[in-house]
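Contents: one structure, followed by commentary.
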Amino acid sequence: MIEILDTTLRDGEQTPGVSFTTQEKVEIAQRLDALGVNYIEAGVPAMGKVEAQAIREIVALGLKAKVVAWNRAALGDLEASLATGAKVLHLSLPVSDQLIEGKLGWNKGEVLAQQRRCLEFLAYEGVEVSVGAEDSTRANPEFLLDYAQQAEALGAVRVRFCDTLGLLDPFGLVDFFQPLVQKLKTKAEIHSHNDFGMATANGLAAVRAGFQVIDTTVLGLGERAGNAPLEETAMVLRYHLHQEGLKTEGLKDLARFVALAAGRAIPVNKSVIGEEIFCHESGIHADGVLKDPKNYEPYAPEWVGAQRQIVIGKHSGRRALRYKLESLGLTAGFEIGELLDRVRALATAKKSVLSDLDLIHLGRP
Ligand SMILES: [Zn+2]
């Protein structure tokens, strides 16, 4: 069973310009839980009182999902997390030379020592701990293995490998991670960014490489081009991996709620949640769908809480037009071929599909 760790409330909120209120965070957490994600990364307690309070409230909800508090690998941050009552803590350190030297000014030995210090500090706190390896994809594979195996030996139950800059492609991901993941006893978690538009595909590739947990955010929110979108990943689990368990019917509602809270528009053709992905206009497709939806729909709209629409526009054919007119109660008094000419002329002039009112007007004898 592949698990989902959703980090909309942490990585997603790091999107420039995105900020959720505590109430919105609580509601997003409840909706994620209802959808059936396994972990909800709720935020960074060290960021301050307001953030810590939001995490405290989410922890207190008693959700089915595990609520994760995110930390830099620093004892003060971990103390702030423990104070929220969180029972699952994640701590992160960079593992590439680029970030170890270029960001921290440390060496690899210091990274291992700090990881050890943090894990020993948490050893008797009765919390579940996971360890993150920031910028894994630019790290030396041998060091990455040392880092992961030390975390494992010191009690971490999951190791998060981060494609922090979204550099990997699905094939490269399998080549790079498979030998590493095979050597681990803990769960391996993939955190993919979407800089080349491959985050969702990289999640699927990660499953092939032996990972058990995929990180997501709703709408793919997150730094730069964002993370693997929850909606796409959930559908990949359902459709491509035949995995039951997630209530994908709630995806569209969840996406709308988060879009509103984040001040982000959802493109109409966005995979899984776009308003028009089950909207058929062209004669061939509309005719095919009216005969059998399986002709031109990959899965039923109900799977994602959407509805099929047949719209009338420049590319419509007779069958769809007749269907639409009948659904509007217009059943007689017109010649369909002649009406279709007028529909096409109007749609071309308007540069859009026709509204029901347009059709009623045109269809009147
Ligand atoms: Zn990230």
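The values are calculated or read from the model by the stated rules, or taken from the named source; none is laboratory data. These numbers were taken from a predicted model, which means no experiment stands behind them. Virtual Cβ from ideal backbone geometry, glycine too; neighbours counted across all protein chains shown. Accessible surface areas use protein heavy atoms only, side chains included; no ligands, DNA or RNA. Shrake-Rupley method; radii C 1.70, N 1.55, O 1.52, S 1.80 Å.
Here are some notes:
- The set of residues in the range 251-295 being surrounded by fewer than 17 Cβ atoms within 10 Å (Cβ to Cβ) and among the aromatic types (Phe, Trp, Tyr) consists of Phe257 alone.
- Among the candidates Ala86, Ala65, Ala42, Ala54, residue that is over 30 Å from Glu244 (Cα atoms), among the aliphatic types (A, V, I, L, M) and assigned by TED's automatic domain parsing to the domain that holds Gln212: Ala54
- Flag for Gln150 being out of contact with any Asp or Glu (no Cβ under 7 Å at 6 or more places or on another chain), of a type outside the set (Phe, Trp, Tyr) and in a helix (DSSP H, G or I): yes
- Here is the figure for the range 107-124: residues that are over 22 Å from Lys185 (Cβ atoms) and touching a Leu at 6+ places or on another chain (Cβ under 9 Å) total 4.
- Any chance Leu144 is of a type outside the set (Phe, Trp, Tyr), in contact (Cβ under 8 Å) with a residue 40 or more places away in the chain and crowded, with 17+ Cβ neighbours inside 10 Å: yes
- Filter result (open to solvent by less than 40 Å² (accessible area, probe 1.4 Å), farther than 15 Å from Val353 by Cα and outside any loop (DSSP other than H, G, I, E, B)) within the range 296-338: Pro301, Val304, Ile336, Gly337
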